[in-house]
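Read the structure below first, then the notes.
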Amino acid sequence: MSDPKKQEKDFTPEVDALLPETVSLSKSGKLTEALDKLFVLEKQTRNASDLPSTTRLAKAAVEQCYDARDYPQLNSTVSVLSKKHGQLKGVVQAIVEQTIAWLPDIREREGVEKWLELIETLRIVTEGKIFLETPRARVSLALAHHHESLSKKPAATSPTSKESLQTASDLLTDLQVETYSSMERREKTEFILEQMRLLVALARIKDGEVAGKEGKSAIGGGEPEWVKARVNGRKVNELFLKEKANEDLKLKFYDLMIQQALHQSAYLDVAKHYEKVWETPSIKEDESKGRAALEHIVYYVVLAPHNNEQSDMLHHLYINPTLVKLEIHYNLVKCFVTRELMRWPGIESIYGPFLRTTPVFSNDKQWEDLHTRVIEHNIRVVSQYYTRITLSRLTTLLDLTPQQTEETLARLVVSSTIWARVDRPSGIVNFRSKRTAEDVMNDWSSDMQKLLGLVEKTWMGMNAAQAAQSRIKA
C-alpha cells in the first residue's frame, strides 16, 4: 500500500461516463469486457492519486461481479485490486467492507461453500494489514462461529467436535483485539468474551477426555485453555461493564469468570463474581434472579476457606438487610459468624434436606467441602476457648475420628489459620505457643506501667479530695 500523495487530476467526469457503460455491458453478459474497461481507468486514477474516483471504480468492479453471481470472478477481483501496485489504502478498505456486507446474503443464497471461499479470500487480503485489522477480526469471528456450529453437529466427513472447536478457538485467539485502535470498545469486549467462551468450551471437552485416565496420561487436559481464558479475563475493563448499556456483557463476563473460578475450586472468587451479578440493576429488579444470585453468594462464601477477606465478606453479608428475607440462608451464615460449635449431625439434619436439593450442594465434592468448613470453624472456636484439650475430647466435639482430627489440625496449622501442637503420647493438643522470657518480661513491664499509672491517678484524686475538705473547714 502506498502512502497518500497529493491528487494530480480529478477523473470524476471520466468515471461518470464509464460507469453506466460498464453496467450495461455486465448486464448483457459481457462482465469480462466491463471489468477490463474499469481496470484501465482505475490504473489512471490510482496513479493520479484520485482516491474518490479509484474507490468508485473498485467498488463498481466488485459490485458488478456480485450482481452477475460470478463468485470466482468476485474473489479474483477483490484479490487483484488489493495487490495493485501503489493501491490506495482507502480503496482496499472500501472493497473489503463492501464484500463483508454481502457475506450473510451469499451464505443464505449460494450455500456454505461459496461463502467459505469468499471468507478465505478476505482473510488473505486482510492479513498483515493494520488498517484492515478490524475487518479481519469480524471475518475471523464469522468463520469461528461456522466451525463451532460444525462441532455441535459433526458429520461423517467433517472433523470431530474437538477439532472443529479447536479450529474456532485458534482463529480468535490469534487476534489481539485489545490493541486495535479502530475497533469500538463494546465490540472489543464482545470479541474477548467470545474468545473466553470458546476457550472454556474447548477446555471442558479436553478435561472430559482425561477425566477417566490415570497417571501421566491424565496430566494436562484443558489446563492451557483455562489459563488463556483467565488471561483474557484480565483484558476486560470492569468499569466499562458497569455502564447501563453494557449489562448484557457484564452478565456474560461474570458467568465465564464463575466457570473459571469453579474449575479451580476458588469459592471466594465465585462469591465475589456472584456479588457483582447481584449488584447489577436488572438482576435486582427481577426478584427471582436477585434471590438466586444472593443465595449463591451465601453458598460460596461459606464454602470458601477462612481468611481475613472471607471473614470480612461473611460479616458484611450477615448484616445485609436483604439476607434476612432468606431465613435458611440467614441462619446458615449466622452459624458461621457466631463463635459457637456447630455439630455436623445437627447441621446436616437442619440444612441438609434443603441444601442437597440445590445445584451447588447436589455435588458430593461441594457437600464434603461444606463439612470441612464446619470442622475448621469448630476448631477455630475451640482454639479461642481452650489453651489445652485432650485429643479424645476434641475428636468428640468435632464428630471425627482421631486420624481425621489430626489431619484437619495439621492443615489449619500449615495454612497459619491457628497455632497448635499435638502431644501424641499424652494425647493433648496445645493451642497456645510457649512464650519466651522476653515476651513474659515485656508483658510484665506493660502491666507494671498500667499499675503505676492507676496508683498515680488514685493518689492525685485523694490529694484533690483532701484539699477540698481543708478549704471547707477553713
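The values are calculated or read from the model by the stated rules, or taken from the named source; none is laboratory data. This is a predicted model, so every value here is computed, not measured. Because the Cβ atoms are built from the backbone with ideal geometry, glycine has one as well, and the counts that use them run over all protein chains shown. To get the accessible areas, we keep the full protein, side chains included, count just its heavy atoms, and leave off ligands, DNA and RNA. Shrake-Rupley method; radii C 1.70, N 1.55, O 1.52, S 1.80 Å.
Tabulated data for the structure shown
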| read-out | value |
| --- | --- |
| Alpha-carbon centroid distance for the pair segment 346-371 / segment 287-312, whole angstrom | 15 |
| Alpha carbon convex hull of segment 108-204, volume per residue in cubic angstrom | 110 |
| Cβ-Cβ FRET estimate between ASP255 and ARG432, R0 fixed at 51 Å, reported to 0.05 | 0.65 |
| Phi to ³J(HN,Hα) by Karplus 6.51 cos²θ - 1.76 cosθ + 1.60 over segment 110-118, Hz, x for Gly, Pro | 9, x, 6, 4, 5, 4, 5, 4, 5 |
| Amide H contacts under 5 Å for THR390, placed H, 5+ residues apart | VAL429 |
| Inverse mean reciprocal Cα-Cα distance (Kirkwood Rh) of the chain, Å | 29.3 |
| Whichever aspartates and glutamates have a C-alpha closer than 17 Å to that of LYS84, once near sequence neighbours (fewer than 8 apart) are set aside | ASP3, ASP36, GLU42, ASP50, GLU127 |
| Evaluated over segment 53-101, the Cα radius of gyration and Dmax, each in Å | 9.9, 29 |
| Separation of the MET462 and GLU187 label points, Cα + 7 Å toward Cβ, nm | 8.8 |
| Added length on full extension, which subtracts the Cα-Cα distance from 0.36 nm per residue, VAL422 to LYS162 | 88.4 nm |
| Qualifying lysines (Cα of each under 21 Å from Cα of LYS334; at least 8 residues distant if same chain) | LYS272, LYS325 |
| Cα gyration tensor category, rounded, prolate or oblate, for segment 1-141 with a/c compared to 1.5 | oblate |
| Under the Debye formula (equal points on every Cα, no solvent term), log10 I(q)/I(0) of segment 200-340 at q = 0.16 Å⁻¹ | -0.93 |
| Segment 210-336: relative contact order as a whole-number percent, Cα under 8 Å and 6+ apart | 16 |
| In sequence order, calculated HN-Hα J values of segment 319-330 (Karplus, 6.51, -1.76, 1.60; Hz; x Gly/Pro) | 8, 6, x, 5, 5, 4, 5, 9, 4, 5, 5, 4 |
| Anisotropy class of segment 400-474 from Cα gyration tensor, a/c 1.5 cut | prolate |
| Heavy-atom accessible area order for PHE240, PHE131, largest first, 1.4 Å probe | PHE131, PHE240 |
| Accessible surface of the chain, 1.4 Å probe, proportion on carbon and sulfur as whole % | 54 |
| Cα Rg, Dmax (largest Cα-Cα span) when computed across segment 332-409, Å | 13.1, 41 |
| For segment 326-372, accessible area per residue (1.4 Å probe, heavy atoms of protein chains only), Å² | 54 |
| Relative contact order %, segment 57-105, counting alpha carbon pairs below 8 Å whose residues are six or more apart | 41 |
| Spacing of the two label points (7 Å from each Cα toward its C-beta) at ASN308 and THR12, in nm | 7.1 |
| Cα gyration tensor shape of segment 320-474, rounded if a/c is under 1.5, else prolate or oblate by comparing a/b with b/c | oblate |
| Kirkwood Rh, Cα atoms: Rg over Rh of segment 289-342 | 0.94 |
| Surface accessible to a 1.4 Å probe, per residue, for the residues of segment 68-135, Å² | 46 |
| Per-residue ³J(HN,Hα) for segment 175-187, Karplus 6.51 cos²θ - 1.76 cosθ + 1.60, θ = phi - 60°, Hz, x for Gly and Pro | 9, 9, 5, 5, 9, 7, 7, 8, 9, 5, 4, 5, 5 |
| Anchor LYS450: aspartates and glutamates whose Cα lies under 18 Å away (excluding residues fewer than 8 positions away in-chain) | ASP439 |
| Value of relative contact order over the chain, rounded to a whole percent, pairs C-alpha under 8 Å and six or more apart | 6 |
